[in-house]
Amino acid sequence: MKPDQIATAITNALVQGGSLWLIATIVAFLPVLWTMTLILHLGRPYVLRTLRRCGLRLGADIWWMSYLLMRDAALLFTFALSWIFFAPNAVVSDAFPITGPVAALCLLLALAVKLSRRVDDDVAAYRLATAFLIVGATLYYGALVFAVEAASQPYLAGFGAFFTSNANPTVALWIMWISLVGIALVAGWLFVRLLSSANRTMARRLKAAQPPKAQEPTPAVP
């Protein structure tokens, strides 16, 4: 082989190996993010009880804002890394949980509930977001633990063959495309809702900024 061919082969091997390592790292790290998202979301009653015992107002505000930032950041980061399940080549070639795209859709639905309703003040909205997170986590953990990570268990061979993406690529691609359509619909609904909310807010500000009209003098009655 010529030196340029050797350099090209080494470069391709490094790129492919790096991409495979990155994909494997994301898939292995996602359970940690899912667990953190669930813990932070379901730990809201504990945080509220702690706030009631906090005598310093500044300390209570810092505790509450830190909790909100960590909770929502964990949800956003988990959803961002879950986009790996919407890469068709990776879904067909790598061992992914076949329900990973549906779990990502549940994450977006929980995020949509948080953006459209006051989850921390509305009990019904909090329960709805919790339901979406629990369903998404169940779909992800079930396929990951009993299919992808149980390939060495012969009694789970049938379950693993069905719920692993590269072992059942046709169903995996259908689930991926349907979930992608659902994500597009939810994202479009959020965009329209946020745009209309921004327009209403801007209209109220413009109305408040307009100077009051001067009243015309009332003619004297003879």
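Using C-alpha pairs below 8 Å separated by at least 6 residues, the relative contact order for the range 37-120 is 26 percent. Taken per residue, the accessible surface of the range 22-68 reaches 62 Å², heavy atoms only and a 1.4 Å probe. Placing +1 on the Cβ of every Lys and Arg and -1 on the Cβ of every Asp and Glu, with nothing else charged, gives the range 68-206 a dipole about its Cα centre of roughly 740 debye. Heavy atoms of the protein chains alone define the surface here; on that basis the range 123-209 has 63 Å² accessible area per residue at 1.4 Å probe size.
Peptides 61-73, 105-117, 185-197 ordered by packing proxy, namely the average of other Cβ atoms within 10 Å per residue, highest first: 105-117, 61-73, 185-197. When each of the peptides 202-208, 162-168 is scored by how many other beta carbons lie within 10 Å of its residues on average, the order from highest to lowest is 162-168, 202-208.
The values are calculated or read from the model by the stated rules, or taken from the named source; none is laboratory data. Since the structure is predicted, the reported quantities are computational estimates derived from the model, not experimental observations. Quick reminder, even Gly has a Cβ in these numbers, built from the backbone with ideal geometry, and neighbours come from all protein chains shown. With ligands, DNA and RNA removed, areas are computed over all heavy atoms of the protein, side chains included. Shrake-Rupley method; radii C 1.70, N 1.55, O 1.52, S 1.80 Å.
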